[in-house]
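This report concerns only the one structure given below.
The values are calculated or read from the model by the stated rules, or taken from the named source; none is laboratory data. None of these values were measured; they are calculated from a predicted model. Quick reminder, even Gly has a Cβ in these numbers, built from the backbone with ideal geometry, and neighbours come from all protein chains shown.
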Amino acid sequence: MIQKYVLNFVPGKMPIRVRASQYDKSLRIIQMEIMNGDAPFVVPEGSTVLVRGTKQDLTGFEYECSYNSNIVEFEIRDQMTIFAGRYPSEIRIVKDNKIIGSANFEFDIEESPLSEDTIISETQLPLLEEALEAASEAEQYKLDAEAWAVGERNGVPVSSDDETYENNAKYYADESNESANDSAQSASDALEYKNDASASADSAEADALKSEGFAVGKQDGVDVGSGSPYYHNNAEWYAHLAEQGAENSGYAYFEVNENDGQVYVTVTEELDSDLVFHVNTGNGELEVIVL
């Protein structure tokens, strides 16, 4: 859209009023025909033409214009229309850093019915439907919270295809407690095994002493006393007796007395088997049968 105006550089003329709507920009073109009294004012080649103004917040704007002969054009920019109301502006022509002409005009910005920072409603649902939807979402959040906490929804255990199945706080707490109990039981078992091993060692030591006693009549290498159950009651002692018995086999000891021509023989050591001995009395041999 092009809006055309005539702007006179001769002072004292009534300023023109350029109308626009708040927040307009870019697509609106302002074209001004520059006059010097009744004659056109041709913009010299090499000049810079500026549109300048002071906004309602007392900050300014300045933009360069295009020109051809005495026709100047500029686009409406957002800084020109950001505030509603009227504010002074000008077209200024500069060449070689010198102002060779200027003329004032007035921006008249009509207020927009909708501020740019107003939140636009994007929903068309009635408030009741929105409230029901919010309530439904809240209920779902409640069920999800219950599932993640204890693996249940409305007090009913979740199914195996639920993402919270064996994947919730209660499940992991129970698993942790079970692991702790298993660890405690393992420690108790280890202590019991230790005590059993200690008892077995003590028993083995006692058995070793007993074996030593029955074998050689000693305890820890020391001969047992006469009050010990192993005294003269062990393998070594019986082996000694057997050895003595073997050395003395075939002999018996008797006392022989002669009285009135009779010879009396008394056995001084008892034998366990029937043996026949020949006793030399000096007056001949006697045959003695020991029963």
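So how many residues does the stretch 146-188 have that are surrounded by 11 or more Cβ atoms within 10 Å (Cβ to Cβ) and assigned to a helix (DSSP H, G or I)?
Of all residues in the stretch 146-188, those surrounded by 11 or more Cβ atoms within 10 Å (Cβ to Cβ) come to 146-153, 157-158, 162, 164-175.
Applying the additional criterion that residues be assigned to a helix (DSSP H, G or I) yields 146-150, 169-175.
Residues meeting the conditions: 12.
What are the residues in the stretch 1-20 that are of a type in the set (Gly, Ala, Ser) and part of a strand (DSSP E or B), if any? So that I can check it myself, show each step before the final result.
Step one: list which residues in the stretch 1-20 are of a type in the set (Gly, Ala, Ser), which gives 12, 20.
Answer for the stretch 1-20, where residues must be of a type in the set (Gly, Ala, Ser) and part of a strand (DSSP E or B): just 20.
Mind checking which residues of the stretch 33-58 are within 22 Å of residue 83 (Cβ to Cβ) and buried (at least 17 other Cβ atoms within 10 Å of the Cβ)? Before you say what the answer is, go through the steps one by one.
Step one: filter the stretch 33-58 for residues within 22 Å of residue 83 (Cβ to Cβ), giving 50-58.
Within the stretch 33-58, 50, 51, 53, 55 qualify.
If you take the residues in the stretch 21-31 that are of a type outside the set (S, T, N, Q) and at pLDDT 90 or above, which one is surrounded by the fewest Cβ atoms within 10 Å (Cβ to Cβ)? Walk me through how you get there before you give the answer.
Start the filter on the stretch 21-31 by keeping residues that are of a type outside the set (S, T, N, Q), which leaves 23-25, 27-30.
Filter again for at pLDDT 90 or above, leaving 29-30.
Values: 29: 14, 30: 22.
Filtering first and then ranking leaves 29.
Under 59 Å from the mean Cα position of the chain (by Cα) and surrounded by 15 or more Cβ atoms within 10 Å (Cβ to Cβ): does that describe residue 81? Give the steps one after another, and end with the answer.
Details: under 59 Å from the mean Cα position of the chain (by Cα): yes; surrounded by 15 or more Cβ atoms within 10 Å (Cβ to Cβ): yes.
It is true that residue 81 is under 59 Å from the mean Cα position of the chain (by Cα) and surrounded by 15 or more Cβ atoms within 10 Å (Cβ to Cβ).
Residues checked against (1) in contact with a Phe, Trp or Tyr (Cβ under 8 Å, 6 or more places away or on another chain); (2) modelled with pLDDT under 95:
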residue: 33; (1), (2): yes, no
residue: 65; (1), (2): yes, no
residue: 96; (1), (2): no, yes
residue: 101; (1), (2): yes, yes
residue: 107; (1), (2): yes, yes
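What residue, among those in the stretch 109-145 that are part of a loop (DSSP other than H, G, I, E, B) and acidic (Asp, Glu), is modelled with the highest pLDDT?
Residues of the stretch 109-145 that are part of a loop (DSSP other than H, G, I, E, B), as a first pass: 111-126.
Still in the list and also acidic (Asp, Glu): 111, 116-117, 122.
Values: 111: 88, 116: 63, 117: 66, 122: 59.
Per the stated criteria, the residue is 111.
Tell me which residues, restricted to the stretch 136-153, are closer than 9 Å to residue 168 by Cβ and touching a helix residue (DSSP H, G or I) at 6+ places or on another chain (Cβ under 7 Å).
148, 149, 150, 151, 152
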